[in-house]
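Notes to accompany the following structure.
Every read-out reported here was derived from the displayed coordinates using simple, explicitly stated rules and does not represent laboratory data. Quick caveat, the model's predicted, so the values are computed rather than measured. With ideal geometry, Cβ positions are generated from the backbone for all residues, glycine too; neighbour counts draw on all protein chains shown.
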Amino acid sequence: MKKLLITLLLLLPWLAQAGEENQCLCVDSENDAVWTDVDDDQVTLDTLTSDTTSFTLVLSDDATDMTLTASDGNLTITVDGKIIMGKPVTLPAGVATADGAPLFFNPGTLLTTPEAGAMEFDGTGIYLTPTNHRRFISLASDSIIATQTATTVAPTTLWTGITNADELKPNRVYLVKGCGLVNNFNAAQTTTVTVNFGGTAIVTLPTPLVKLTNDPWDFEIYITVRTIGATGTVSGYGRAVVNTTTVNTTTESIVLDTTAANNITVDVAWAAAHADNWLKLTQCWLAAAD
């Protein structure tokens, strides 16, 4: 017989009525009462015996709410089957201290066959299955909140995005987008934007040979994970629009150790230094999709 060892403190607010006593009955699977103390508003349950496979709490019609509280501050419910909620679940507000989030997922293995309505967490991403095809929930991070400027021949790192060790999964796509302003002394003064993944260049975008005067520019980079491991591979595509000119490039594959943490960086280097040569990155962020 399955063992169920639960110690609970049940706080039962009632709509009290004059001359009537609160009515509450709690029985285990053997139809034995399991409370040991009944006060005005609370019932304390003993630890259930090894013969107990379930218990039922029946409230009187006067009961309006029920609060479950464990004496050690943690309430652990362990069952072999499903926990089925008959009504909507309302979570409390989160707090800033450790373990203060209203909901946590423990990482686990994704379902072999996706099931409609399932939400899963494998330790690297959160997935939702709206029908019968599992979808990765796209998340963005690492946005900049201050303008970054490159003016030198030596590469200047304007932005860094973080991917953790073993975060990369086959088919996962990382998108880097950014924008800003650029200026040069004359049309011959160009700059090169290089996106590195784990220290290896995956996309290189030169600015066009045109005179730029505080002109807008933007770019987007797509990085797709093909394989994982110490010799994993990723492919990349980049496109930049400088004023009205578009430049783009494709890198079919580079080798990347996905078992290590790898930063994605945007580096900028000018062909020549001049006081009028500058490139500003005003916005940039990293997003992940699957």
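Can you give the FRET efficiency to the nearest 0.05 for Ala93 and Thr160, using r as the Cβ-Cβ distance and R₀ = 25 Å? Mind showing how you got there, number by number?
Numbers: r = 33 Å, r/R0 = 1.31.
In this case the efficiency is close to 0.15.
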May I ask you to evaluate 6.51 cos²θ - 1.76 cosθ + 1.60, the Karplus curve with θ = phi - 60°, for each residue of segment 149-163 and list the ³J(HN,Hα) values in order in whole Hz, giving x for glycine and proline?
-> 10, 10, 9, 10, 6, 5, x, 10, 7, 8, 7, 9, x, 10, 10
Phi-derived 3J(HN,Hα) across segment 215-226 with the Karplus relation (6.51, -1.76, 1.60, θ = phi - 60°), rounded Hz, x for Gly and Pro, is 8, x, 8, 8, 8, 9, 10, 10, 10, 10, 7, 9
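Classify segment 233-274: rounded, prolate or oblate, from the alpha-carbon gyration tensor (a ≥ b ≥ c, eigenvalue square roots; a/c under 1.5 rounded; otherwise prolate if a/b is larger than b/c)?
Details: a/c = 3.02, a/b = 1.64, b/c = 1.85.
Oblate shape, in that a/c is at least 1.5 and b/c is the bigger or equal ratio.
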State the dimensionless ratio Rg/Rh of segment 141-289 (Rg: radius of gyration of Cα atoms; Rh: Kirkwood radius).
-> 0.99
So the FRET efficiency between Ser138 and Ala101, C-beta based with R0 = 25 Å and rounded to 0.05, is 0.80
Quickly work out the Thr249-to-Thr231 label distance, labels modelled 7 Å from Cα along the C-beta direction, and quote it in nm with one decimal.
-> 2.6
Burial ranking of peptide ranges 236-249, 118-131, 195-208, 96-109 (average Cβ count within 10 Å, highest at the top) = 195-208, 236-249, 118-131, 96-109
Any idea what the dipole of segment 218-290 comes to, in debye rounded to 20, about its Cα centre with Lys/Arg Cβ at +1 and Asp/Glu Cβ at -1?
-> 20
